[in-house]
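Before any comments, here is the structure.
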Amino acid sequence: MLATVRSIYRKRRHYKWMYREERKNPYPLPLGKRIRAWRMGFLSGSYLFLDLDRNEPGDYINDRMRFLRLSFLNGPYAEILHNKLLFGEVFRRHPDIVPETYALVRHQSVWPMCDTEHVNSLEAILELLARKGRLVMKGTRGFGGGDCTILEDREGGVAFSGTVLSHQAALQKLGSRREQIVTEYVRQAAYAREIYSGSANSIRMLTMVDDETGEPFLARAVHRFGGGERMVDNVTQGGVAAIVGPDDDRLGIGVQIDDSGHPQYIERHPDTGAQITGVTVPHWGQVVDRILGLAREHPYLPYIGWDVVVTDDGLRILEGNSNSGVLFTQFHGPLLADPRVRRFFERRRIL
Amino acid sequence: MQLVSLARNSYRKRQYLGWLIHDERTNRRPIPRAERMRAWKLGFLSLTYRMCQIDRFGPQNYVTDRMRYLRTPFLNGSYAVVLDDKLIFNEVFRRHPGLLPETYALLRRDRVVPLNSDRVCSHDDVLKLLERKHRLIIKPTTGGGGGNVVLLEQRESGASWNGEALGPEQIRSRMKENRDRLVMEFVEQARYAREIHGASANTIRVLCLWDDDENRPFAARAVQRFGSPATAPVDNITQGGLDAAVDLETGRLGKGARMTPEGRPEFHDHHPDTGARIEGVVVPHWRETLSALLAVAEKYPNLPYVGWDVLITDDGFRLLEGNNMSGLWMFQVHGPLLADPRVRRFYERRGVLG
């Protein structure tokens, strides 16, 4: 009985997310096509992005599956991925893999979370910022980069994702937000900075477990680049997505969503003009091995969307996603075309 | 949004209220209805009312069961899951070397998920591991009170499941039961505890609270539990075990309290089943244990309220688990918690009292 109530409650919440996403869709789509999209389980935005007028919808993971079923794949252990503080706590035992978490901020209180830097007040955060130059502040919950702020130490104040505030106003703002963690700012590798330096350009690496062998595999890796003056690399908000690997370490063709919601295939970044297609991701083989190694060490999480930033000397994982957005990972082709992916979802009754 | 959060809160409170009622109903001891009513009016379960002798000492300085069930579960907020789920607990705390017992695998119905470098991937691997280690612990990832904890032993005649000799096929089929369970290392407890009652893992529950003024945790109270033949392989005190207060400064044990069939406390200076002395025994390396435990707790300010279960070994200690909604009568049978101003302040500031 309790399990049923819990399941209904969760489904209601996911339906609500789905409804909210549908309402946010700014792109024009005739009512007939909208209804067709909904009947096939897609939001109208996804229908446009995936060009389902021309492509076969049966090979795509649709939004209904994503919102209502994918979040149950990791069972109760999904909480490790939902909560960013918890994610850091679990994965920090692997050396040099997650950015350092310096402090937890809640209701004006600051608790130190790091052995080397004792950050226990709002003032101490600003002192640390003065030393480090940049820090990241993000909500312990939430996804899509919406609750992520880059703090920068600038002359005469502190920049919150580009907006400069005075010292006093910064203190007030730091303490006035919901539960946040203050983490290290990860400097991405030169190739990514050259393409677009205004955001942390991360790679979404989707790992699943192959039920035949029991081993994890990389289902898809998509490199995202920011765009449109935003400091996050969200593809539906002006960014670009380019497929990478698994065997080739060069970036493939980039996809950008145009003003009408249709995908445009591009080889250069639309804002900077920098070449994307063909650019080599440094030490890609090691990045894949490391991520698969982590998936192997945490087999109770069979489905993870890792957000990885490649640095000059390795990689950092910004977060893991349990309910990974599969939309932009399918811009370059449907996920279910891979028999291992189809088998994974079929066995877990997602399809 | 407020409505949703209200509904969520009500749903959770309903769950804890359900437990409260369940725990009252499972108290089958012959307690007159009037006494039960008196206990309920004051916010206590009849079991706590009798064990803590509220009729004799008055309720003023005691944390009631109403507070415990309806308010303390929320003190750790969304991080309660770290304590409620033993796999997540293990994943969070295993970064501290030597702190936890080794966890080898997760049993999920037909599947065995390996959790460390031993790569225990099947039920056969568990049996092979048992042959090498001789003793293993299997415990559910959720649930408290030591219920459903299994001691798997390799004996000369074959394997045994909580003392019951079973063939490999029967053990395999028992491992396939519905609940998620962990296969863990068996930790050998220190000699002093083996001598008092060797058939159970005799743990110490340390109640740690966060001091907002000092911005660090402190130990509010610690009790050493001892099992009995009825509770082995665990030390559950409602089923016949004893608990003795541990002096936080010296580690010296006080008298062991045991529940009589009528549900009243009975204080023993010797273990009634083994005859071994309890009162006056000093827990080995207690100061080091407590300071190491507090050093770990200090790294988790997001967990301000934890009942840690610690097993003292010959060369240190192991942390078996943390409890989000620790039972309190095991502490309060030795005196009310709120008599300590720091403890009272903690509960007051976090809205548990009043």
Given the conditions (1) surrounded by 21 or more Cβ atoms within 10 Å (Cβ to Cβ); (2) within 12 Å of another protein chain (Cβ to nearest Cβ); (3) in a helix (DSSP H, G or I), report the number of the one that A:PHE67 does not fulfil. (2)
Just give me the residues in segment A:205-255 being free of Cβ contacts under 8 Å to residues at least 24 places away in the same chain and in contact with a Gly (Cβ under 8 Å, 6 or more places away or on another chain), in sequence order. A:GLN237, A:GLY238
Residue hits (segment B:83-115; more than 10 Å from chain A (Cβ to nearest Cβ) and of a type in the set (Asp, Glu)) are B:GLU102, B:ASP110
Among (1) within 14 Å of another protein chain (Cβ to nearest Cβ); (2) among the β-branched types (Val, Ile, Thr); (3) crowded, with 21+ Cβ neighbours inside 10 Å, A:THR116 falls short only on (3)
Among the candidates A:TYR102, A:TYR77, which residue alone is in contact with a Cys (Cβ under 6 Å, 6 or more places away or on another chain), under 29 Å from A:LEU206 (Cα atoms) and of a type in the set (Ser, Thr, Tyr)? A:TYR102
Identify the residue in segment B:124-145 that is more than 28 Å from the chain's Cα centre (by Cα) and of a type outside the set (Asp, Glu) and, among all such residues, is nearest to the other protein chains (Cβ to nearest Cβ). B:LYS128
So, in segment B:30-54, how many residues would count as being touching a residue at least 12 places away in the same chain (Cβ under 8 Å) and farther than 24 Å from B:GLN239 by Cβ? 3
Would you confirm, using the coordinates I've provided, whether B:GLY144 is closer than 30 Å to B:ARG342 by Cβ and not assigned by TED's automatic domain parsing to the domain that holds B:ARG252? yes
Segment B:233-272, residues that are free of Cβ contacts under 8 Å to residues at least 40 places away in the same chain, over 19 Å from B:MET51 (Cβ atoms) and surrounded by fewer than 21 Cβ atoms within 10 Å (Cβ to Cβ): B:ASP247, B:GLU249, B:THR250, B:ARG252, B:HIS270
Evaluate segment A:295-315: report whether one residue or more is touching a residue at least 12 places away in the same chain (Cβ under 8 Å), out of contact with any helix residue (DSSP H, G or I) (no Cβ under 8 Å at 6 or more places or on another chain), aliphatic (A, V, I, L, M) and within 18 Å of A:ASN201 (Cβ to Cβ). no
Take the conditions in contact with a Cys (Cβ under 8 Å, 6 or more places away or on another chain), away from chain A (no Cβ under 14 Å) and assigned to a helix (DSSP H, G or I) and apply them to B:LEU294. Does it pass? yes
Pick from segment B:60-82 the residues that are within 12 Å of another protein chain (Cβ to nearest Cβ) and among the hydrophobic types (A, V, I, L, M, F, W, C): which of them is surrounded by the most Cβ atoms within 10 Å (Cβ to Cβ)? B:VAL82
Any residue at all in segment B:329-348 that's among the small types (Gly, Ala, Ser), surrounded by fewer than 18 Cβ atoms within 10 Å (Cβ to Cβ) and not in a helix (DSSP H, G or I)? yes
Residue check: is B:PRO229 farther than 20 Å from B:GLY322 by Cα and over 18 Å from the mean Cα position of the chain (by Cα)? yes
Is one or more of the residues making up segment B:287-304 closer than 28 Å to B:THR26 by Cα and within 21 Å of the chain's Cα centre (by Cα)? no
Does segment A:18-26 contain any residue that is more than 14 Å from chain B (Cβ to nearest Cβ), out of contact with any Phe, Trp or Tyr (no Cβ under 7 Å at 6 or more places or on another chain), buried (at least 16 other Cβ atoms within 10 Å of the Cβ) and not acidic (Asp, Glu)? yes
Restricting attention to segment A:198-219, and to residues there that are within 14 Å of chain B (Cβ to nearest Cβ) and in a strand (DSSP E or B), which single residue is nearest to A:ALA295 (Cα to Cα)? A:PRO216
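Could you tell me which residue of segment A:70-84 is nearest to the chain's Cα centre (by Cα), considering only residues that are of a type in the set (A, V, I, L, M) and surrounded by fewer than 22 Cβ atoms within 10 Å (Cβ to Cβ)?
Once the filter is applied, the top-ranked residue is A:ALA78.
Just to be sure before I move on: is A:ARG36 touching a Gly at 6+ places or on another chain (Cβ under 7 Å), surrounded by 13 or more Cβ atoms within 10 Å (Cβ to Cβ), over 21 Å from A:GLY142 (Cβ atoms) and of a type outside the set (Asp, Glu) in the structure I sent?
No, not satisfied.
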Might you check whether a residue that is touching a residue at least 60 places away in the same chain (Cβ under 8 Å) and of a type in the set (Ser, Thr, Tyr) occurs anywhere in segment A:58-67? yes
Within segment A:244-261, how many residues turn out to be of a type outside the set (Val, Ile, Thr), within 19 Å of A:LEU48 (Cβ to Cβ) and surrounded by 14 or more Cβ atoms within 10 Å (Cβ to Cβ)? 3
Could we say that B:PRO229 is at pLDDT below 95 and either in a strand (DSSP E or B) or surrounded by fewer than 16 Cβ atoms within 10 Å (Cβ to Cβ) (or both) here? yes
Go through segment B:15-46 and report how many residues are within 11 Å of B:TYR69 (Cα to Cα) and in contact with an Asp or Glu (Cβ under 9 Å, 6 or more places away or on another chain). 5
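The values are calculated or read from the model by the stated rules, or taken from the named source; none is laboratory data. Quick caveat, the model's predicted, so the values are computed rather than measured. Please note: Cβ atoms are built from the backbone with ideal geometry, for glycine as well, and neighbour counts cover all protein chains shown.
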